[in-house]
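Worksheet: the structure to be examined is printed underneath.
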Amino acid sequence: MLKHGAIRQGIPRCARSYLSRRLYASVTDLEAYPKPGERIHGFTLREIKHVPELHLTALRLEHDKTGAEYLHVARDDKNNVFAINFKTNPTDRTGLPHILEHVTLCGSEKYPVRDPFFKMMPRSLANFMNAFTSSDYTSYPFATTNLQDYRNLSSVYMDATLHPLLKRSDFLQEGWRLGPEDPRGPPTEDNIKFKGVVYNEMKGQMSDASYLFYIRFREHLIPSLHNSGGDPEFMTQLTHDRLVDFSRKNYHPSNAKIFSYGSLSLAEQLQYVDKTISKFEKGTPDLEIKMPISFSHGPLSFEVPGPVDTMQPSDRQFKSSVSWMGCLSSDIVETFCVSIMMSLLMNGYGSPLYQGLIESGLGTNFSPNSGYDGSTRVGVFSIGLDGMKADDIVGLKQSIQGILRDKAHEAFQPNKIEGYMHQLELSLKHKTANFGMGLLEKTLPGWFNGVNPMDALAWNEIIDAFKQQMKEENYLERLVRKYLLNDNCMQFTMSPSESYGVTLDIREEERRKTILDTIKKTASSPEAAIAELGQQELQLVEEQERAQDKNLDTLPSLSVSDIAREKERKPRYHLKIGDVDCMWRETETNGITYFQAKYLFKNLPNELRLLVPLFADSLLRLGTETMSVGDLEAEILLKTGGITVSSFAAPDPWSLDKCKEGLLIDGYALDRNVPAMFDLIRTLLLDVDFTRPGAVAAIRELLESKASGALDAVAESGHHFAITSASAALTERGRIQDQLSGLSQMESTARILDAARRDPQTLEHVIQALRTIQSIAVANSADLSVRVVCEPGSVKNNRDLIERFLAQLPQGQVSFRNPALSDTVPGSSFSRRTFFDLPFQVSYTGTCLQTVPYHSPDKAPLTVLGQLLVHNFLHPEVREKGGAYGASASASPISGLFTLSSYRDPNPRTSLSVFKRAGLYARDKDWSSRELEESKLSIFQGIDAPRSVSSEASKEFMYGITEDMDQEMRKRLLGVTKEAVQAVAQKYLVELSSDLMSVCVLGEKKDWVERDPDRWQVKTLKMSVEG
């Protein structure tokens, strides 16, 4: 690559024949790169390594002037990745690194644009573009297959991080401020509230009890490594000046680790990076690595309060874990060995720790920190439980160590270890679309904690070293004794507090008054202080509006002409085996066969549908007459890459009223193991024994596990739950989806579990219903179809195996009749306006409008309209002015729903009013050609994003959308005009009948809910659900 750069400068003719050969060499060819010690565009190559098993060559370089570290991973992959990363040890709990991450992306010297990060999203074809704050570093990564896009985004990211504007107004918007709820209304002392995007994000994050447990655990484990995300209780201590100082010190090339990946020209990229960072003088990097407290005087014990989980009984509200120190993360082999050890001990229903701690009833789920964490300088083992009783906390360590002494050897059977080795072999062959991003995420934690990233890439060397260690007698048992069977440990417990949420509200109000009093003292009068806060809020709004389109011409951009007019085809064909339709996709798969089966249910009663997810979970939990669940898990690990059974509800591309539901069965295996894969799938579908001893206990345990952490799942993805709940009031597919994976599913779980806790015999009826589902779950009939992705040479053998598999299934159509089952269940008839009163500090909203199915000509302009609203209306109104962490609008790719939503939203009522104005805004705006182009670019980011080989042809398989239909949609999307956008805005957002609209809000019920003239149906989500 160095010599490639020399061509452009002119070189002797005698060298050109050599260079032309190098141009056609693989990007992983060592001969294409300089030798260690040689210089290239301001960098010195320190180390180079070819890793054939990962099909890559890695180069570790150092910038000569600034000392910036650079890791390039060359791989024949057009999905190129770039990231600039900085060490950002937090100095306190104000969330300084997190807020800085946000403010950094609000404008730079070269790109003085309001939010260039968000403005670049619709100007790019990147399939990944983000920034994230980890515990001790901050990363700014992106991925794109377009080389010009790569150059554009590199420029924006480098200037944003190294030359940020860091304006005070951006700090106020993204971090925190005091201001009136209504920016344009009169400010009063009572309506002055805390605001800020990150402030509200973290209020939402801290509503997630799992996150709260984990972050409080980390604060006690490594007290000097404060919560980088920020705690709202301390966030209001942060000043703009401190943020600027932190940026100047830490966002410097000398403190940076830069990463690139893919088939891009390394020489070109280094040339650009060198030109950018050579403007800086060498600084002092932050080399401090924060260490955990010593456990040498253990056992240590800490306890903190936390919120009550309304999905758990009052006597099972405790979370607790026990932790031990591991090895140095720089010891790559030992880290790998103890990770395998913990996986064998904890993963799966048949593992010793699962059976001893959860199946025994000591807890309902593993705690959020459970496992081996090798991301810090010293690794940490943690084993803990959710849903514990108070009396069991003190004996947790003894219980864990007793299980390890008595049962650990059972986890280390040769076939189970071979299963994990087989998984590693498969992972090397499994072709994924996001390999580069995955590599970045795995590399960064260790890199910032003293691990040479080149060592971590030596995959075969690590595995060979593990195999060598395993030749020693009882090697894994000795690791258990070395690390876990001692008192040098720390127990961390979160106890329930009924007043937890109220206490947070009281403290927030006290902080508000204290800060307000301080402001009053510095103002000419208390009234003047309030007026100044109101004026500040108004100025912020005016700046947001004024700067919305300012300097946009400075940003680089792709254009619609960069989007391919023709869809890349992935040929597939159909063959019938009896009545079963088989779709085949022949392609290079590295010797893996991917299999998917879809079985349709017809006229399924609601009561059974609500149990289908539990049925799918139970197939991998119960075992058969001849195989225990542990035996089944071991065989699946040893012979496949995994088998999953799940429910689905697929919309119809041609109709608003139709949908399909049923079971999906997925599995993949090396070609040599495909026969075993089909045998295992057949066993799971037909032979799982719901009548075996212990089945009732196992089903209850699954229900307890589903209920445990259910509220945390809602807090993490509340906008999705709100949309699903709202859609249940509009369409059959929405109702089905809500019953399968939405709040209705959670309500059903709560009801069943509550009944079982009162009377365990009620689970016998559940078992009977599960057996009924098993009897109709699959059959060799026209309701079954399959999709296979494999090598051309494997087709004949796979077809023979499928024929044999189908012959073993029940034959013909399955009829189901059971008039005894009731059809009256939660979620079967939702109100058009539903408010779920949940213990969250922020809210989530979802609005659904029923529009047109996929095949309609209006689908394309509706899709474009969604992106136009996100970038031009919702982002400034709901995020920038309203303070929500996120807002979205989209036309569903397949179904007929158009949705608007907000995420971690402090002002849901305001957001809903913004949604109501969206139609008039879109209809009346004179959309520019540039805005239309940006919307189309945003859409094609997803459409043309790289796909894993395993998913090829899945869209046609699931929905019946052929490549010709996709090509027609592509043509329609590229041809959308502003007139078409305005027309669908008028038709579907302005004129749409109220019968075709529905709204759902999740969050703490406020006074406005009762005062709203449009009545809300208020619901709760808790263990004892009222009728």
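We did not get these values from a lab; they are worked out from the coordinates using the rules stated. Not measured: the values here are computed from a predicted model. Cβ placement follows ideal geometry from the backbone for every residue including glycine, while neighbour counts extend to all protein chains displayed.
Can you sort LYS550, LYS65 from fewest to most other Cβ atoms within 10 Å of each residue's own Cβ?
LYS550, LYS65
Using Cβ contacts closer than 10 Å as the measure, can you line up ASP966, ASP738, ASP77 from fewest to most?
Values: ASP966 15, ASP738 28, ASP77 24.
The most exposed by this proxy come first: ASP966, ASP77, ASP738.
Using alpha-carbon pairs under 8 Å, 6+ residues apart, how would you state the relative contact order of segment 744-819 in percent?
That works out to 36 percent.
In segment 885-967, if every C-alpha pair distance is counted and binned at 10 Å from zero, what percent goes to each bin?
So the P(r) values, bin by bin, are 13, 33, 33, 19, 2.
Short version: ³J(HN,Hα) in whole Hz for each residue of segment 281-289, in order, from phi by Karplus 6.51 cos²θ - 1.76 cosθ + 1.60 (θ = phi - 60°), x for Gly and Pro, what are they?
Here the 3J(HN,Hα) series is 7, 5, x, 9, x, 7, 9, 5, 10 Hz.
Ratio of alpha-carbon Rg to the 2.2 N^0.38 Å globular estimate for segment 387-538, to two decimals, please.
1.86
Return one quarter of the surface area of the convex hull spanned by the alpha-carbon atoms of segment 262-378, equal to its mean projected area, in nm².
Computing the convex hull of the Cα atoms and averaging its projections yields 14.0 nm².
What are the ³J(HN,Hα) values, in whole Hz, obtained from phi via the Karplus relation 6.51 cos²θ - 1.76 cosθ + 1.60 with θ = phi - 60°, for each residue of segment 873-878 in sequence order, with x given for Gly and Pro?
10, 6, 4, x, 7, 8
So what's the back-of-envelope 222 nm ellipticity for the chain, counting only DSSP H runs of four-plus at -39500 (n - 2.57) apiece and dividing by all residues, rounded to 500? Before the final figure, lay out the partial values.
Numbers: 38 runs with 420 residues, N = 1027.
Taken over the chain, the calculation gives -12500 deg cm²/dmol.
Calculate the radius of gyration of the Cα atoms of segment 582-807 to one decimal place, then report Dmax, the largest Cα-Cα distance, as a whole number, both in Å.
18.6, 58
If you take the square roots of the eigenvalues of the alpha-carbon gyration tensor of the chain and sort them as a ≥ b ≥ c, do you get rounded (a/c under 1.5), prolate (a/b over b/c) or oblate?
Since a/c stays below 1.5, the shape of the chain is classed as rounded.
For segment 229-282, go through all pairs of different Cα atoms, get the mean of 1/r, take its inverse, and jot down that Kirkwood value in Å.
One over the average 1/r among Cα pairs gives 14.2 Å for segment 229-282.
Test of the criteria: in segment 640-707, which chymotrypsin sites (Phe, Trp or Tyr not before Pro) are in a DSSP loop and have at most 14 other Cβ atoms within 10 angstrom of their Cβ?
Details: sites: PHE648, TRP654, TYR668, PHE678, PHE690; in loops: TRP654, PHE690.
Sites meeting the loop and neighbour criteria: TRP654.
Sorted from fewest to most neighbouring beta carbons within 10 Å, what does the list MET346, MET341 look like?
Least crowded to most crowded, the residues run MET346, MET341.
Distance check, please: which entries in LYS660/LYS978; LYS319/LYS1005; LYS859/LYS936; LYS429/LYS639; LYS513/LYS1006; LYS658/LYS859 exceed 25 angstrom between their Cα atoms?
Where the Cα-Cα span goes over 25 Å, the pairs concerned are LYS660/LYS978; LYS319/LYS1005.
Just subtract the alpha-carbon distance of ASP64 and ARG947 from 0.36 nm times their residue separation and send over the number in nm, one decimal.
Working: separation 883, 0.36 × 883 = 317.88 nm, distance 3.84 nm.
That works out to 314.0 nm of additional length.
Evaluate segment 833-1020: find the radius of gyration of its Cα atoms, find its Kirkwood radius, and give the ratio Rg to Rh. List each step's numbers first, then the result.
Numbers: Rg = 17.6 Å, Rh = 17.6 Å.
The Rg/Rh ratio comes out at 1.00.
Once R0 is set to 25 Å, what does the formula 1/(1 + (r/R0)^6) return for the Cβ-Cβ distance between ASP657 and LEU575, expressed as a FRET efficiency to the nearest 0.05? Please list the in-between numbers first.
Working: r = 31 Å, r/R0 = 1.25.
E(calc), rounded to 0.05, equals 0.20.
What are the aspartates and glutamates whose alpha-carbon lies under 12 Å from the alpha-carbon of LYS602, with same-chain residues fewer than 8 places away excluded?
By straight Cα distance, LYS602 reaches GLU661, ASP783.
Let me know the Rg and Dmax you get for segment 366-477 when you use only its Cα atoms, in Å.
17.6, 49
Kyte-Doolittle cut-off -1.0, length cut-off 20 Å along the helix's own axis using Cα: show which whole DSSP H helices in the chain pass.
Membrane-span-like by this rule: 147-162, 332-346, 396-411, 414-429, 500-522, 526-546, 743-758, 762-776, 908-924, 929-943.
Residue by residue, what Karplus-based ³J(HN,Hα) values in Hz, rounded to whole numbers, does segment 894-899 have, using 6.51, -1.76 and 1.60 with θ = phi - 60° and x for Gly and Pro?
Ordered by residue, 3J(HN,Hα) equals 10, 6, x, 9, 10, 10 Hz.
If the cut-off is a Cα-Cα distance under 19 Å, which lysines reach LYS471, setting aside same-chain residues fewer than 8 apart in sequence?
LYS416, LYS482
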